[in-house]
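The values are calculated or read from the model by the stated rules, or taken from the named source; none is laboratory data. Keep in mind that what you see is a predicted model, and the values were worked out from it rather than measured. Heads up, the Cβs are rebuilt from the backbone with ideal geometry, glycines too, and the neighbour counts pull from every protein chain shown.
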2 protein chains.
Amino acid sequence: MTIIDGKQTAADIKSEIAREVEERVAAGKRRPHLAAILVGHDGGSETYVANKVKACEECGFKSTLIRFESTDEAPLDPKELMDTIAKLNEDEDVDGFIVQLPLPKHIDEQAVIEAVRPEKDVDGFHPVNVGKQSIGLPCFHSATPAGIVELLKRYEIPTRGKKVVIVGRSNIVGKPLAAMLMQKGYPGDATVTVCHSATENLAEVCREADILVAALGRPGFITADMVKDGATVIDVGTTRVPDATRKSGFRLRGDVDYENAAPKCSFITPVPGGVGPMTICSLMQNTLQAAKSKD
Amino acid sequence: MTIIDGKQTAADIKSEIAREVEERVAAGKRRPHLAAILVGHDGGSETYVANKVKACEECGFKSTLIRFESTDEAPLDPKELMDTIAKLNEDEDVDGFIVQLPLPKHIDEQAVIEAVRPEKDVDGFHPVNVGKQSIGLPCFHSATPAGIVELLKRYEIPTRGKKVVIVGRSNIVGKPLAAMLMQKGYPGDATVTVCHSATENLAEVCREADILVAALGRPGFITADMVKDGATVIDVGTTRVPDATRKSGFRLRGDVDYENAAPKCSFITPVPGGVGPMTICSLMQNTLQAAKSKD
């Protein structure tokens, strides 16, 4: 059984990116520039954005963080957010930018996603990028699925003709990952099944998977009996569960009962340190790609 | 065993559309207007476009057919095609338009698809519509998958939690149909598997399907032993095979060995007269939707 080390893989990729950036800078080119918009003070979002800024430093990128306050008493005017997006769309110094989700409930998230110019949508959330990904055209791939595919590639896990079962049909993980793994070529050509809350005989479907991806956000939901011997298990879950022994008061738990499932697997991602670090890595890859597209 | 009558269902839908159009006209609104561009003289394309024009008449739509000649000796200048698309994009009298595929090899098909304004893309081929369909947002659904979903609905075939196996991962049938059937609600909530040329143990995967969709374009490829007892079988194949007994010299054959598979099915679509007529129907529904979006 091999534990897939997402942390180390992410570190490797960031080094590769940093090397490429320094070569570009030495050749007189600009540093890639990622901007992030953060609204309010959601705990998870604060951490994610801080990690993205840190990753930019590691990659030699320029980064800009734009913060908006928003409370129930003084909610952010959506127009203010939209104006900032319009400015970033036009700003030639910004290669790509993201609006950290979730947004406060009074803001129309889909309208925000569609306001980002597709050429700067390094999160890969704009319908144009989602559509191009499905069709198999060059585009910004959604960050988490791209990170998973990168792990499969770096660990040389075969996908051609293999049964991939994805549990969870979200727009940011399940659906785009299915689209990527059914494309022609490697890592693709897989026989992909997408499961969800309405699936009948879920355990049975999961047991057929050569590669099982858990992306439903329910800690420990995938138990050992749902895993085929020798399967590769990719755990996308990162739910905060209370843990009094930690300074933060919580720890991250995956969707897989790791302790019992791991011995059956040929490969498995831990939580934390599996898929999580790869997501930010994909964002860095997309930003570098955005910068290079201007060459 | 019930034979799904696509021809009758399509006729019913066209009557419903025609009734709605007459009500709109009586209320002082314009007739929906569909334009079609046809390049060259591909036999299949000629038939499809003629059928689309006829369907427009049946629905009370205005229709415009724009023809371009293109031969190996005198190939059409792609700029001329693009200029026409630009004009149709701007023409307020045209609600929706299509460019009949395939195009001659010297024309970049994807560039043509992306030149059509998404609001007029009644074929549902533009990446914006593909992406919105995947996300589950309102959009123009790709015509053939929308026709299949309409048949499932009209024949009240349950999809929730059911195993759907789609053989074929094309951008106009397999992938968009998968996206539609995995969405929340009816007809969706299915456990969808997409198979293709690289799938291992294809027969075995097919035999698990409650709903089996054959969309690979290989006549008779799906044999009776690949069909579970009581399954619903949807045959999207329409390959022209030589037939000396016909005036045309050919007949249409589906991807399913109908004669032997049908007795095992609870529902099955014949070829012709199954999915085929529904595809044009979806195009009419999309055009009506385009017209209504301007109300």
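Name the single residue, out of those in the range A:64-80 being out of contact with any His (no Cβ under 6 Å at 6 or more places or on another chain) and part of a loop (DSSP other than H, G, I, E, B), that is surrounded by the most Cβ atoms within 10 Å (Cβ to Cβ).
Quick first cut of the range A:64-80, residues out of contact with any His (no Cβ under 6 Å at 6 or more places or on another chain) only: A:64-74, A:76-80.
Retained after the next criterion (residues that are part of a loop (DSSP other than H, G, I, E, B)): A:69-74, A:76-77.
Values: A:Glu69: 10, A:Ser70: 20, A:Thr71: 10, A:Asp72: 8, A:Glu73: 5, A:Ala74: 8, A:Leu76: 17, A:Asp77: 13.
Restricting to residues being out of contact with any His (no Cβ under 6 Å at 6 or more places or on another chain) and part of a loop (DSSP other than H, G, I, E, B), the top hit is A:Ser70.
Of the numbered criteria (1) of a type in the set (A, V, I, L, M); (2) outside any loop (DSSP other than H, G, I, E, B); (3) under 19 Å from B:Gly161 (Cα atoms), the one A:Leu216 fails is (2). For the range B:221-230, does any single residue satisfy the condition of being at pLDDT 95 or above and over 27 Å from A:Glu200 (Cα atoms)? Within the range B:221-230, one or more residues are at pLDDT 95 or above and over 27 Å from A:Glu200 (Cα atoms). Applying the set (1) under 18 Å from A:Val236 (Cα atoms); (2) out of contact with any strand residue (DSSP E or B) (no Cβ under 7 Å at 6 or more places or on another chain) to A:Val164 leaves exactly one unmet item: (2). Only one of the numbered conditions (1) assigned to a loop (DSSP other than H, G, I, E, B); (2) crowded, with 20+ Cβ neighbours inside 10 Å; (3) within 14 Å of chain B (Cβ to nearest Cβ) is not met by A:Lys132, and that is (1).
A:Arg24 fulfils the conditions (1) surrounded by 20 or more Cβ atoms within 10 Å (Cβ to Cβ); (2) basic (Lys, Arg); (3) in contact with a Lys or Arg (Cβ under 9 Å, 6 or more places away or on another chain) except for a single criterion, (1).
The residue that is nearest to the other protein chains (Cβ to nearest Cβ), counting only those in the range A:116-129 that are buried (at least 18 other Cβ atoms within 10 Å of the Cβ) and either modelled with pLDDT under 95 or assigned to a helix (DSSP H, G or I) (or both), is A:Pro127.
Considering each residue of the range A:84-96 in turn, none proves to be within 14 Å of chain B (Cβ to nearest Cβ) and under 29 Å from A:Ser15 (Cβ atoms). Across the range B:230-241, a minimum of one residue is classified as in a strand (DSSP E or B), more than 14 Å from chain A (Cβ to nearest Cβ), more than 17 Å from B:Ile4 (Cβ to Cβ) and free of Cβ contacts under 8 Å to residues at least 40 places away in the same chain.
Does A:Lys105 satisfy the criteria of being crowded, with 16+ Cβ neighbours inside 10 Å and not β-branched (Val, Ile, Thr)? So A:Lys105 fails the test. Across the range B:30-59, the number of residues qualifying as in a helix (DSSP H, G or I), among the charged types (D, E, K, R) and either free of Cβ contacts under 8 Å to residues at least 40 places away in the same chain or surrounded by fewer than 20 Cβ atoms within 10 Å (Cβ to Cβ) (or both) comes to 4. With respect to the conditions (1) buried (at least 21 other Cβ atoms within 10 Å of the Cβ); (2) outside any helix (DSSP H, G or I), B:Asp295 falls short on a single one, namely (1). With respect to A:Asp83, is the statement that it is of a type outside the set (Lys, Arg) and either part of a loop (DSSP other than H, G, I, E, B) or touching a residue at least 40 places away in the same chain (Cβ under 8 Å) (or both) true? Considered against the rule, which asks whether it is of a type outside the set (Lys, Arg) and either part of a loop (DSSP other than H, G, I, E, B) or touching a residue at least 40 places away in the same chain (Cβ under 8 Å) (or both), A:Asp83 comes out as no. For B:Gln285, the conditions (1) assigned by TED's automatic domain parsing to the domain that holds B:Tyr155; (2) assigned to a helix (DSSP H, G or I); (3) in contact (Cβ under 8 Å) with a residue 60 or more places away in the chain; (4) not hydroxyl-bearing (Ser, Thr, Tyr) are fulfilled apart from (1).
Within the range B:37-58, is even one residue in contact with a helix residue (DSSP H, G or I) (Cβ under 6 Å, 6 or more places away or on another chain) and farther than 27 Å from B:Thr239 by Cβ? No, the range B:37-58 contains no residue that is in contact with a helix residue (DSSP H, G or I) (Cβ under 6 Å, 6 or more places away or on another chain) and farther than 27 Å from B:Thr239 by Cβ.
Going by the structure shown, is B:Val21 touching a Gly at 6+ places or on another chain (Cβ under 6 Å) and modelled with pLDDT of 95 or more? Break it down stepwise before answering.
Details: touching a Gly at 6+ places or on another chain (Cβ under 6 Å): yes; modelled with pLDDT of 95 or more: yes.
Yes: the conditions hold for B:Val21.
Scoring A:Val205 on the criteria (1) touching a Pro at 6+ places or on another chain (Cβ under 9 Å); (2) at the interface with another protein chain (Cβ under 10 Å from one of its Cβ atoms); (3) not charged (D, E, K, R) leaves a single failure, condition (1). Taking the listed residues A:Met180, A:Met226, the one that is within 14 Å of chain B (Cβ to nearest Cβ) and either surrounded by 24 or more Cβ atoms within 10 Å (Cβ to Cβ) or not polar (S, T, N, Q) (or both) is A:Met180, with no other qualifying.
The residues of the range B:136-155 that are surrounded by fewer than 20 Cβ atoms within 10 Å (Cβ to Cβ) and within 13 Å of chain A (Cβ to nearest Cβ), listed by number, are B:Gly136, B:Leu137, B:Pro138. Return yes or no: is B:Asn171 facing chain A (nearest Cβ under 8 Å) and in a loop (DSSP other than H, G, I, E, B)? Criteria met by B:Asn171. Of all residue pairs spaced 6 or more apart or on separate chains, those with beta-carbon atoms under 6 Å, a first member in the range B:60-77 that is modelled with pLDDT of 95 or more and a second member that is polar (S, T, N, Q) are B:Leu76/B:Ser70.
Would you be able to tell me the number of residues in the range A:233-266 that are crowded, with 21+ Cβ neighbours inside 10 Å, in contact with a helix residue (DSSP H, G or I) (Cβ under 8 Å, 6 or more places away or on another chain) and over 16 Å from A:Leu216 (Cα atoms)?
1
Does A:Gly161 satisfy the criteria of being part of a loop (DSSP other than H, G, I, E, B), within 14 Å of chain B (Cβ to nearest Cβ), modelled with pLDDT of 95 or more and touching an Asp or Glu at 6+ places or on another chain (Cβ under 7 Å)? Yes, satisfied.
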